[in-house]
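Data first, discussion second: the structure below is written as structure tokens.
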Amino acid sequence: MSESLRRLVLVVGARPNFIKAAPILDALREYPDINVTLVHTGQHYDAQLSDVFFEELHLRTPDIHLQVGSGSHAVQTGRVMERFEEYLQEERSAGRPVDRVVVLGDVNSTLACTLVASKMQIPVAHVEAGLRSFDRSMPEEINRIVTDSLADLLLCSEPAGVENLRREGRTGREIHLVGNVMIDTLLENVEKAQNRSILEELNLLPGGYGVVTLHRPANVDDPNQLRRLVRVLVEVSRQIPLVFAVHPRTARALEEAKLQCSSADSQILMLGPQGYLDFLSLTSQAKLVMTDSGGLQEETTAIGIPCLTLRPNTERPITIYEGTSTLVGSDVDQLRDGVEAILDGDYPNGRCPELWDGRAGQRIARILADALALRPAITTPSFQRAA
Ligand code: UD1
Ligand code: UDP
């Protein structure tokens, strides 16, 4: 390997990571002196949760696959740590030390790889830094806090991330407001997605249905909460047909609680997890979205689709104060009011936040190159940084 090459490892593990990685990998191609290794931990492994995103987003095949699979938090995190450490040690022993690790979002793979790299004194950049729900019952909140406390490059998607990190004592030099990589991918693909035939196949009309996803443990792992939510969805589906793209965690929970969403008096179309393009086709042409997904709160904001967020809190406040999301928890009355407002055309339009402009990946690549003291092969557009 040439002396001037710097080694960067980008870690992905779960569905939202793949979507966030695509624009960063694209933008890093402009820096020929950065040698990028893509590591897939294997946290998500079903074709519809992993392979389909690699195909549709033209992601390169991972260079390293850690094959960790599912398990409890400790088991899954521990397995990633063991295998990632072994990989980094091997590289170091072979004289190919890694100069920087980049982690995305808030999943267990994010936390595990941050811990390993930090203890090996390899600096970590965190994409989507600073988001806080202030709810430590969420496993993701613990992953966010620990990851941010160890990362030295904190790349934020919205101003709240910057504020939270400053409040936690981080300095302006470590924090960069870069925009939202998930929205880079959305903007790149939305037209292609809308040209797909999924609506015709499902007999849906643009603006004539709602989309549902649920997978947060607080919503699906407690049978009583899940029963309450299913009851609410059935009620909403009497007003507008719903398409429910069911995550495997939720499929298992519905089965264990013996809950049926489809019935004679409901219009809920149950689907498995969808590929990126079909799902974007569905969400971008929906009348409304009901979800507990972090990414979907942001995507609906970016494209102006009303989103009733089935959570009591959010780590993405900009989707509420600027965007199209309303927190409804699992309150039937709030949800009913929200749906009525949307169907009556009486719901705020919101606006797309600043820097959610399709260029976050480029900003991140440039910051990574600066940190590795490298210059681009061609000039990237200038960008705004947090002071
Ligand atoms: C994980 C993330 C969550 C993220 C979500 C994205 C953590 C703590 N949680 O939640 O933040 O929003 O991914 O979708 O990292 N399973 C399969 N096939 C797969 C993967 C999982 O069937 O390919 C099933 C297994 O039964 C597994 C369960 O789903 O036990 C949960 O998977 P896991 O990765 O632990 O958490 P998610 O709920 O997917
Ligand atoms: N998504 C998808 N197919 C689905 C459900 C979601 O492609 O069936 C996409 C969604 O558009 C968003 C991302 O997956 O880009 C969000 O991931 P998820 O909800 O699993 O995780 P979170 O964002 O909550 O961590």
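Tabulated results
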{"read-out": "Scope the range 223-250; condition within 16 Å of ligand 2 (Cβ to nearest atom) and outside any helix (DSSP H, G or I); matching residues", "value": "Leu242, Val243, Phe244, Ala245, Val246, His247"}
{"read-out": "Scan of the range 155-169 for residues that are aliphatic (A, V, I, L, M) and either in contact with a strand residue (DSSP E or B) (Cβ under 8 Å, 6 or more places away or on another chain) or surrounded by fewer than 17 Cβ atoms within 10 Å (Cβ to Cβ) (or both), ordered by number", "value": "Leu155, Val162, Leu165"}
{"read-out": "Residue in the range 282-299 that is open to solvent by 10 Å² or more (accessible area, probe 1.4 Å), in contact with a helix residue (DSSP H, G or I) (Cβ under 6 Å, 6 or more places away or on another chain) and of a type in the set (Ser, Thr, Tyr) present", "value": "yes"}
{"read-out": "Residue match in the range 36-43 (condition: more than 22 Å from Ile364 (Cβ to Cβ) and either within 16 Å of ligand 1 (Cβ to nearest atom) or open to solvent by 40 Å² or more (accessible area, probe 1.4 Å) (or both))", "value": "yes"}
{"read-out": "Residue check, Thr300 within 11 Å of ligand 2 (Cβ to nearest atom), of a type in the set (Ser, Thr, Tyr) and closer than 30 Å to Arg196 by Cα", "value": "yes"}
{"read-out": "Yes/no for Val107 being open to solvent by less than 30 Å² (accessible area, probe 1.4 Å) and in contact with a Cys (Cβ under 7 Å, 6 or more places away or on another chain)", "value": "no"}
{"read-out": "Unique match (being more than 16 Å from ligand 2 (Cβ to nearest atom), out of contact with any Gly (no Cβ under 9 Å at 6 or more places or on another chain) and open to solvent by 20 Å² or more (accessible area, probe 1.4 Å)) among Ala117, Ala94", "value": "Ala94"}
{"read-out": "Number of the exception - Gln194 against (1) away from ligand 2 (no atom under 12 Å from the Cβ); (2) free of Cβ contacts under 8 Å to residues at least 60 places away in the same chain", "value": "(2)"}
{"read-out": "Residue tally, condition more than 19 Å from Val116 (Cβ to Cβ) and within 21 Å of the chain's Cα centre (by Cα), over the range 26-46", "value": "6"}
{"read-out": "Of all residues making up the range 137-154, the number that are open to solvent by less than 20 Å² (accessible area, probe 1.4 Å), in contact (Cβ under 8 Å) with a residue 60 or more places away in the chain and farther than 15 Å from Gly294 by Cα", "value": "1"}
{"read-out": "Residue check, Gly350 over 27 Å from Arg136 (Cα atoms) and surrounded by fewer than 24 Cβ atoms within 10 Å (Cβ to Cβ)", "value": "yes"}
{"read-out": "Every pair of residues 6+ apart whose Cβ atoms lie under 6 Å, when the first sits in the range 236-265 and is at negative phi and crowded, with 17+ Cβ neighbours inside 10 Å while the second is part of a loop (DSSP other than H, G, I, E, B) and among the polar types (S, T, N, Q)", "value": "Ser237/Ser266; Ser237/Gln267; Pro241/Gln267; Ala245/Gln274"}
{"read-out": "Which listed residue, of Asp51, Asp63, is under 23 Å from Thr185 (Cα atoms), within 16 Å of ligand 1 (Cβ to nearest atom) and open to solvent by 30 Å² or more (accessible area, probe 1.4 Å)", "value": "Asp51"}
{"read-out": "The lone exception for Ala21 - which of (1) closer than 16 Å to Arg7 by Cβ; (2) within 16 Å of ligand 1 (Cβ to nearest atom); (3) hydrophobic (A, V, I, L, M, F, W, C) it fails", "value": "(1)"}
{"read-out": "The range 47-58 residues that are in the same structural domain as Arg15 (by TED's automatic domain parsing) and part of a helix (DSSP H, G or I), paired with ones that are among the small types (Gly, Ala, Ser) and open to solvent by less than 30 Å² (accessible area, probe 1.4 Å) (beta carbon under 7 Å, 6 or more apart)", "value": "Val52/Gly275; Glu56/Gly275"}
{"read-out": "Qualifying residue in the range 262-276 (condition: among the hydroxyl-bearing types (Ser, Thr, Tyr) and within 15 Å of ligand 2 (Cβ to nearest atom))", "value": "yes"}
{"read-out": "Test set (1) out of contact with any helix residue (DSSP H, G or I) (no Cβ under 9 Å at 6 or more places or on another chain); (2) in a loop (DSSP other than H, G, I, E, B); (3) polar (S, T, N, Q) - Ser263 fails condition number", "value": "(1)"}
{"read-out": "Considering residues of the range 301-316 that are outside any loop (DSSP other than H, G, I, E, B) and away from ligand 1 (no atom under 16 Å from the Cβ) only, the residue surrounded by the fewest Cβ atoms within 10 Å (Cβ to Cβ)", "value": "Ile303"}
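The values are calculated or read from the model by the stated rules, or taken from the named source; none is laboratory data. Predicted, not measured: the structure shown is a model, and the values here were computed from it. When we count neighbours, we look across all protein chains shown, and the Cβ atoms used for this are built from the backbone with ideal geometry, even at glycine. The protein model used for the area step is the full one, side chains on, heavy atoms only, and it has no ligands, DNA or RNA in it. Shrake-Rupley method; radii C 1.70, N 1.55, O 1.52, S 1.80 Å.
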